[in-house]
1. From (1) in a loop (DSSP other than H, G, I, E, B); (2) in contact (Cβ under 8 Å) with a residue 24 or more places away in the chain; (3) not β-branched (V, I, T), pick out the condition that doesn't hold for R360.
2. Select from the range 371-396 the residues that are closer than 27 Å to P168 by Cα and open to solvent by 40 Å² or more (accessible area, probe 1.4 Å) and write down the one among them that is modelled with the lowest pLDDT.
3. Of all residues in the range 331-345, which are among the polar types (S, T, N, Q) and in contact (Cβ under 8 Å) with a residue 24 or more places away in the chain?
4. Looking at M399 and the list (1) farther than 30 Å from F41 by Cβ; (2) surrounded by 19 or more Cβ atoms within 10 Å (Cβ to Cβ); (3) in contact with a Cys (Cβ under 8 Å, 6 or more places away or on another chain), which single condition is not satisfied?
5. If only one of A333, A366, A358 is of a type in the set (A, V, I, L, M, F, W, C) and open to solvent by 40 Å² or more (accessible area, probe 1.4 Å), which one is it?
6. When the residues of the range 150-191 are narrowed to those that are farther than 18 Å from F372 by Cβ and among the aliphatic types (A, V, I, L, M), which ends up farthest from the chain's Cα centre (by Cα)?
Amino acid sequence: MASGEREGMELHPKGTVENDKHLPGEILRCSAGNLSYNEFFWRYMHKNWPVVITDVSKDWECSKQWTTVPEATDVNSNQPSSFPSEPSSAINFDYLKQKIDNCLVPVADCNSSYFNSHKKLELRFHDYLDQWRSGIEANRSSEINSNVDIRTKDNLYLKDWHLAAQMPGYDFYKVPKYFASDWLNEMLVDKERDDYRFVYMGPKGSWTSYHSDVFGSFSWSTNIMGHKKWLIMSPGEELKLADRLGNVPFSIDEQMLDEHGVEYYTINQKANEAVFVPSGWFHQVWNLTDTISVNHNWFNACNIATVWQNLRSNLNAVRKEISDCQIMDNFEAHCQTMLRASFGINYLDFIELLEFIADRRLAQAATTATQFLMFNSYTMNDYHVQYDLECLKKILRQMSEDSTITQSPLQLSERCQELEHRLQF
């Protein structure tokens, strides 16, 4: 991440922000120049309500170098600015190939499904760029020559690429301050483990299927170039679409949502805009043009309770799935192994993350000489540190009542009690 002057994450007691009694009937757009960290924290993140933040990425290296401004054209002159058919910039394929090695990258074929997901494959990055460029040229040819048929072409979407971890010295973007309170990546980056920082690159027509984000996490997605269409709904609305087994559809559209009485929102996201996706909000996203974006999944004090409840629910699902094996030795340990495989983390991982965050916040609370930089750029004020610590205490109290922890042979209860004791400062 790009580093520079330190910037404070100034959090203040909730009363300093207007306490809306009702959520707005639309998803608002706010300019980064007019939205404070404190206002975003309480009005959007704490309330679990989405927002589009504009003017967030124009100074990023990737915004300046990964795209080029094409020659002036009148092709889109009659298109509405909020919903154009083509991007206002073009991909700088040569720069990308020069800057980034020809490494293997994860790709989804949006024209092919496999067990209710897009078929996954790996390609060399430069080969992917070559295919993408060829597809753009084929599309242009089809506009000129109606005899050119491009319907059988692959629709390949480069997704979930850990470029920031793969090239830690390449400062191609800077995490917006609003999203810097990120317990998940704070630990994973420090421990040099697989994180949840991603780059997405996809052609016009590529898409992400209907889903909610991993763990029940927040996510943010910033468009470097291109335009996306989002259909997004608040938690619980997805149940109107579930089948008798509780499964939600792979893909949705407005007609389906209207027929099932789903209340939903449409977001038209342009370049230099970040969409904040709250916990549990199901959504589907289409690339209306060739598009590049930077995405993170994360959680913090605002949604740690949601992640904990999802962890518990998924453990119960694992137990139900293998209930016929309850008499086996080490059944609980086996369940935790399966939980990690299916959900991404288990109880031990969750406790380890809480211990890591507690260590850092306690160290900062003990002395002003200790200042941990979030994403090489941001520092928390004293109130923010104390707020995190109070939320850690609260979640540990909830965990102390969980029978899996209190009865576990894995010493989960002892670790929670020790951490809770340390937090009684």
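1. Result: R360 fails condition (1) only.
2. Q371
3. Scanning the range 331-345 gives Q336, S342.
4. Among (1) farther than 30 Å from F41 by Cβ; (2) surrounded by 19 or more Cβ atoms within 10 Å (Cβ to Cβ); (3) in contact with a Cys (Cβ under 8 Å, 6 or more places away or on another chain), M399 violates only (1).
5. A366 is the lone residue from the list that is of a type in the set (A, V, I, L, M, F, W, C) and open to solvent by 40 Å² or more (accessible area, probe 1.4 Å).
6. I150
The values are calculated or read from the model by the stated rules, or taken from the named source; none is laboratory data. Source: prediction; values computed, not measured. A quick note on method: Cβ atoms are made from the backbone with ideal geometry, for glycine too, and the neighbour counts reach across all protein chains shown. Keep in mind that these areas ignore ligands, DNA and RNA; they rest on the heavy atoms of the full protein, side chains included. Shrake-Rupley method; radii C 1.70, N 1.55, O 1.52, S 1.80 Å.
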